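Peer 1: Handing you this structure, nothing more for now.
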Amino acid sequence: MSKRADALATRLEQGAAALAAFAGNLTEMDWHARIPKDGRKIGVVVHHVASMYPLEMQLAQTLAAGKPIEGVTWDAVHQINAEHARKHETVSKEDALALLRLNSAAAASAIRALSDEELDRAAPVSLYTEAPLTCQFFLEDHAVRHSYHHLGAIRAAMRASRPEALRAV
């Protein structure tokens, strides 16, 4: 196993675990609170992170094979996110956390299966106006970073609405 791949997978697991730990301690009221600027409920965002791991890994594996990522745009990403939010408006904490555990473990396993050569492969990525990106960069910017990014937004939302709640988690 590549040491780099293992390190990436470990960072993904740590981020998912931190998100799960924080979200797992939220009250039902907090779970359904909306994140300012984002507009989605906290629970929907936790489920979103979990549900995006398979797609993020599919795209990373495309780059690992030396193939370009085509047809993926920020407009498409926003559409996917909006549809997900509508479909999972009432997701339970138990379901979202179970999916987060399952899909983050699968993503970490898929990352660990990558070689250094695959991590170093680059190809054009439509999401970045055809800039040639390495598989490792794409992983770091998406699957690995995703839970940390949304955990930060969730913490900020909690800090703004209920600062006392942060002391409990």
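The values are calculated or read from the model by the stated rules, or taken from the named source; none is laboratory data. Because the structure is predicted, anything quoted here is derived from the model rather than measured. So basically every Cβ, Gly included, is an ideal-geometry build from the backbone, and we count neighbours across all protein chains shown.
Peer 1: When you look at SER104, is it within 16 Å of ASP6 (Cβ to Cβ), in contact with a Phe, Trp or Tyr (Cβ under 7 Å, 6 or more places away or on another chain) and either touching a residue at least 60 places away in the same chain (Cβ under 8 Å) or not aromatic (Phe, Trp, Tyr) (or both), yes or no? Outline the logic, then answer.
Peer 2: Working: within 16 Å of ASP6 (Cβ to Cβ): yes; in contact with a Phe, Trp or Tyr (Cβ under 7 Å, 6 or more places away or on another chain): yes; either touching a residue at least 60 places away in the same chain (Cβ under 8 Å) or not aromatic (Phe, Trp, Tyr) (or both): yes.
Criteria met by SER104.
Peer 1: Say whether the condition of being among the hydroxyl-bearing types (Ser, Thr, Tyr) and exposed (fewer than 14 other Cβ atoms within 10 Å of the Cβ) is met by at least one residue in region 96-105.
Peer 2: Residues of region 96-105 among the hydroxyl-bearing types (Ser, Thr, Tyr): 104.
Going one step further and asking which of them are exposed (fewer than 14 other Cβ atoms within 10 Å of the Cβ), we end up with none.
No, the conditions are met nowhere in region 96-105.
Peer 1: I need the full set of residues from region 125-149 which are among the aromatic types (Phe, Trp, Tyr) and in contact (Cβ under 8 Å) with a residue 24 or more places away in the chain, in order please.
Peer 2: Let us first name the residues in region 125-149 that are among the aromatic types (Phe, Trp, Tyr), namely 128, 137-138, 148.
Those that are among the aromatic types (Phe, Trp, Tyr) and in contact (Cβ under 8 Å) with a residue 24 or more places away in the chain: PHE138, TYR148.
Peer 1: Quick check on this structure: which one of THR90, THR134 is touching a strand residue (DSSP E or B) at 6+ places or on another chain (Cβ under 8 Å) and either of a type outside the set (Asp, Glu) or closer than 17 Å to VAL72 by Cβ (or both)? I'd like the intermediate steps shown before the answer.
Peer 2: Details: THR90 fails: touching a strand residue (DSSP E or B) at 6+ places or on another chain (Cβ under 8 Å).
Among THR90, THR134, only THR134 is touching a strand residue (DSSP E or B) at 6+ places or on another chain (Cβ under 8 Å) and either of a type outside the set (Asp, Glu) or closer than 17 Å to VAL72 by Cβ (or both).
Peer 1: Between residues in region 35-63 that are farther than 20 Å from ALA122 by Cα and residues that are of a type in the set (Phe, Trp, Tyr), which pairs lie under 6 Å by C-beta distance while being six or more apart or on different chains?
Peer 2: Sorted first by the residue in region 35-63, then by its partner, the pairs are ILE42/TRP31; GLY43/TRP31.
Peer 1: Taking the stated definitions as given, is SER147 of a type in the set (Gly, Ala, Ser) and either under 22 Å from MET29 (Cβ atoms) or more than 18 Å from the chain's Cα centre (by Cα) (or both)? Explain how you work it out, then say what you get.
Peer 2: Numbers: of a type in the set (Gly, Ala, Ser): yes; either under 22 Å from MET29 (Cβ atoms) or more than 18 Å from the chain's Cα centre (by Cα) (or both): no.
So SER147 fails the test.
Peer 1: For region 1-27, what are the residues that are of a type in the set (A, V, I, L, M, F, W, C) and surrounded by 15 or more Cβ atoms within 10 Å (Cβ to Cβ)? So that I can check it myself, show each step before the final result.
Peer 2: Taking region 1-27 and keeping what is of a type in the set (A, V, I, L, M, F, W, C), we get 1, 5, 7-9, 12, 16-23, 26.
Correct list: ALA5, LEU8, ALA9, LEU12, ALA16, LEU19, ALA20, PHE22, ALA23, LEU26.
Peer 1: If you take the residues of region 106-153 that are among the acidic types (Asp, Glu) and within 16 Å of GLN58 (Cα to Cα), which of them is surrounded by the most Cβ atoms within 10 Å (Cβ to Cβ)? Let's see the steps before the verdict.
Peer 2: Of the residues in region 106-153, the ones among the acidic types (Asp, Glu) are 116-118, 120, 130, 140-141.
When the remaining residues are screened for being within 16 Å of GLN58 (Cα to Cα), the result is 118, 140-141.
Numbers: GLU118: 19, GLU140: 16, ASP141: 17.
For region 106-153, the residue satisfying everything is GLU118.
Peer 1: Find all pairs meeting these conditions: Cβ atoms under 7 angstrom apart; at least six residues apart or on different chains; first residue within region 154-169 and modelled with pLDDT of 90 or more; second residue assigned to a helix (DSSP H, G or I) and not hydrophobic (A, V, I, L, M, F, W, C).
Peer 2: MET158/ASP30
Peer 1: A further question follows. Take the residues of region 113-124 that are assigned to a helix (DSSP H, G or I) and touching a residue at least 24 places away in the same chain (Cβ under 8 Å): which is nearest to MET1 (Cα to Cα)? Outline the logic, then answer.
Peer 2: Of region 113-124, the ones assigned to a helix (DSSP H, G or I) are 116-120.
Checking the rest, the ones that are also touching a residue at least 24 places away in the same chain (Cβ under 8 Å) come to 116, 118-119.
Working: ASP116: 9, GLU118: 12, LEU119: 12 Å.
Taking the candidates together, the pick is ASP116.
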